[in-house]
């Protein structure tokens, strides 16, 4: 049983566990950044130690070995790039909400998210268990999107195909090309929605999506400005 102060705050062993968990998280985040910026070949304990201005003893205090780090990195990938986007998607109450939710996630992915995903998939190509885990996660996303499309009136095969159109926009130029056309954002988003669903979006939902996109674009602009 952990020690508790009279103010109800944890101390002793519980504080040490919290510190260890937070520090372990920083190691994993540093590994994710290294993987995103330099690729799998750069994922070395010595480079991580340099990035965190720490030492190998600290690394091995938190991880059994490099493979243990990679397992934790897989959890972090799943959390950032699978769980969070699909959690928001699961709250969708209409076809418009769901489709625009997925499009926003792909359109406003940060450079880190894109590079981390690509780097992790490249890393997994040499780790059969990681490859299997990625394939399972991707399949879960496909099934979720397909079920959503079926719920909104599409048949099994059509729901699958239209779901694949959404998912194929993750890194392809299709979405950016449509949104970069010389037309209003409202018109471009309407075209994207029609290309995916074969239907025109409900006007109020379209306006709500555009408002969210503009807000997120502003947030990303300020975030990029603050990082320089």
field: Check on residue 25, more than 17 Å from residue 126 (Cα to Cα) and out of contact with any helix residue (DSSP H, G or I) (no Cβ under 6 Å at 6 or more places or on another chain)
entry: yes
field: Filter pass, residue 84 being closer than 27 Å to residue 188 by Cα, without any contact (Cβ under 8 Å) to a residue 60 or more places away in the chain, outside the structural domain of residue 40 (by TED's automatic domain parsing) and surrounded by fewer than 15 Cβ atoms within 10 Å (Cβ to Cβ)
entry: yes
statement: Given the conditions (1) more than 20 Å from residue 154 (Cβ to Cβ); (2) in contact with a helix residue (DSSP H, G or I) (Cβ under 8 Å, 6 or more places away or on another chain), every one holds for residue 92 apart from (1)
field: Residue within region 168-188 that is at pLDDT 85 or above, part of a helix (DSSP H, G or I) and within 18 Å of residue 95 (Cβ to Cβ) present
entry: no
query: When you go through (1) farther than 19 Å from residue 29 by Cα; (2) buried (at least 19 other Cβ atoms within 10 Å of the Cβ) one by one for residue 94, which number turns out not to apply?
result: (2)
- prompt: Going by the structure shown, is residue 124 in the same structural domain as residue 198 (by TED's automatic domain parsing), free of Cβ contacts under 8 Å to residues at least 60 places away in the same chain and in contact with a helix residue (DSSP H, G or I) (Cβ under 7 Å, 6 or more places away or on another chain)?
  reply: yes
statement: Among (1) in contact with a helix residue (DSSP H, G or I) (Cβ under 9 Å, 6 or more places away or on another chain); (2) under 25 Å from residue 74 (Cα atoms); (3) exposed (fewer than 12 other Cβ atoms within 10 Å of the Cβ), residue 156 falls short only on (2)
message: Can you find, within region 106-150, the residue that is nearest to the chain's Cα centre (by Cα) among those that are outside any helix (DSSP H, G or I) and surrounded by 14 or more Cβ atoms within 10 Å (Cβ to Cβ)?
response: 109
query: Which members of region 87-99 meet the condition of being farther than 17 Å from residue 219 by Cβ and touching a residue at least 12 places away in the same chain (Cβ under 8 Å)?
result: 89, 90, 92, 94, 95, 96, 97, 98, 99
Enumeration of residues in region 41-62 that are within 26 Å of the chain's Cα centre (by Cα) and in a loop (DSSP other than H, G, I, E, B): 43, 44
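The values are calculated or read from the model by the stated rules, or taken from the named source; none is laboratory data. Since we're looking at a predicted model, the values are computed, not measured. Reconstructed Cβ throughout: ideal geometry from the backbone, glycine too, with neighbour counts over all protein chains shown.
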